[in-house]
């Protein structure tokens, strides 16, 4: 985070705009909308500035240091380099926040691109690096936020204290507001029925039998193979409402950052022979948290039902009558192969796919070697990095051609993605040479030959050894 986002209360505060052109007009208008008392200083001031409502104080002359007296904030919108530098230097010396338009080096704050649904305000900044991109991002946000969102927020402000008086706990209050914001009341506001929406809130607050359930639930969510943008909409929505997030080792920070800031985060990562929390304790924790009335997200890499032990966890939840749901994720096999340009099936190379895990519960490697050694199929091996020498040797021993191509994909779908290409005879040595370790996915089959041709993500990958 290059800049710390802050919303300032400028109501009745004195703010200075240096400059009298069209850019100065836009900045002065923004400040006036925030309730500021604006002074504009410039040798020439365009008529539009005088016509603003309420009108700013306009002073037609060059800037002087005395203009900064008693100012809370300053914006400089001139094309004169010396003036821009002087105002910036003087303002910073007086600890007055200053913005020099289109000159981040002279700024102590950036004016963001703004989505105004007052009192809901969304500010988008590129830290001065790409203002056009910030504006395009704002336009996308504008397109998905209802125009009446501010009216819904105003209604919530009106009844905020009543809700505090009605419900004892923060959990109950939050769930009440979720019913308001995601249900019929919000729909009425968005359709212009503000009076009907307010009546609904009053009715709900007066209803002694209102069901604000304190019963917890669990969502087993597949976070996908690593790229945060591969998560589903449903996964993000459930993550953002969770009280507690229990997450695995391969969940990137960018995905955890999608959770509520006040949500409790519990690390339950597993490595070979090293479990932060044993599986039995994870199962117990899910049950206990849900019984406390918490909304729990169990966040897993890939898909919960493909080597994610999701079936074991929901089996325990069902025994205790815990409400749950499962949100599939893009599997590591699908994501990593796609980002490596290796289709798992291809009519010329493979008509079937076999998914296996490279180590068993006792950390041994004892697979169905005959099934793995079949031609015209793709074998995808999860958690096989430690046993890769044994795996490749056994597959050769059971009849698959020694020169069958193999790919090992490290941290697939992320900017750190690395790919090592070899065959059954040399892939283990090449992995050692590349210094790769877990997490890695092994793909065995003729489809690996397509990597050189179809590696669309190759320019973004950190390295490719072939």
Evaluate E = 1/(1 + (r/R0)^6) for residue 254 and residue 318, where r is the Cβ-Cβ distance and R0 equals 35 Å; express this FRET efficiency to the nearest 0.05.
0.60
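How would you rank 202-212, 83-93, highest first, on the average number of other Cβ atoms within 10 Å across their residues?
My ranking of the peptides, most packed first, is 83-93, 202-212.
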With a point put 7 Å past each Cα toward its Cβ, work out how far residue 121 is from residue 169 in nm, to one decimal.
3.5
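Divide by every residue of the chain the summed helix terms, -39500 (n - 2.57) for each DSSP H run of at least 4, and state the resulting mean residue ellipticity at 222 nm, rounded to the nearest 500 deg cm²/dmol.
On the way: 18 runs with 163 residues, N = 466.
Only helices count here, giving -10000 deg cm²/dmol.
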Counting other beta carbons within 10 Å of each residue's own, what order do 383, 71, 1 fall into, fewest first?
1, 71, 383
Those residues of the range 25-41 whose amide nitrogen sits under 17 Å from the label point placed on residue 114, 7 Å along Cα→Cβ
25-40
Between residue 291 and residue 397, what is the label-to-label distance in nm when each label sits 7 Å out along the Cα-to-Cβ direction?
4.7
Over the chain, equivalent-ellipsoid semi-axes from the Cα gyration tensor in Å:
54, 33, 18
Reduced to Cα centres, the span from the range 129-151 to the range 276-343 in Å works out to 34
Pull up the DSSP beta bridges for the chain and report the antiparallel fraction as a percent, rounded to 5.
35
Order these peptides, 167-177, 50-60, 13-23, by their mean beta-carbon neighbour count within 10 angstrom, highest first.
13-23, 167-177, 50-60
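Would you work out if the range 1-127 is rounded, prolate or oblate? Take a ≥ b ≥ c from the square roots of the eigenvalues of the alpha-carbon gyration tensor; rounded if a/c is under 1.5, else prolate when a/b is larger than b/c, oblate otherwise.
On the way: a/c = 1.56, a/b = 1.15, b/c = 1.36.
It comes out oblate by the Cα gyration axes.
Rounded, prolate or oblate for the range 217-330? Axes are the square roots of the Cα gyration tensor eigenvalues, ordered a ≥ b ≥ c, and the cut-off for rounded is a/c under 1.5. All intermediate terms of the calculation are to be shown ahead of the outcome.
Working: a/c = 1.39, a/b = 1.15, b/c = 1.20.
It comes out rounded by the Cα gyration axes.
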Based on DSSP, what percent of beta bridges with both residues in the range 1-129 are antiparallel, to the nearest 5?
25
In nm, to one decimal, how far is the modelled label at residue 276 from the one at residue 357, with both set 7 Å along Cα→Cβ?
1.9
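Based on the mean of other Cβ atoms within 10 Å per residue, sort peptides 219-232, 26-39, 295-308 so the most packed one is first.
On the way: 219-232: 22.9, 26-39: 19.4, 295-308: 24.4.
My ranking of the peptides, most packed first, is 295-308, 219-232, 26-39.
Of all DSSP beta bridges in the range 205-348, what percent run antiparallel (nearest 5)? List each step's numbers first, then the result.
Numbers: 3 of 22 bridges.
Counting only bridges with both partners in the range 205-348, antiparallel ones make up about 15 percent.
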With 0.36 nm assigned to each residue of separation and the Cα-Cα distance removed, residue 376 to residue 133 gains 82.8 nm
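Values quoted throughout were computed directly from the atomic coordinates according to the rules given, and no laboratory measurement underlies them. Just so it is clear, the structure is predicted and the values come from calculations on it, not from any experiment. Quick reminder, even Gly has a Cβ in these numbers, built from the backbone with ideal geometry, and neighbours come from all protein chains shown.
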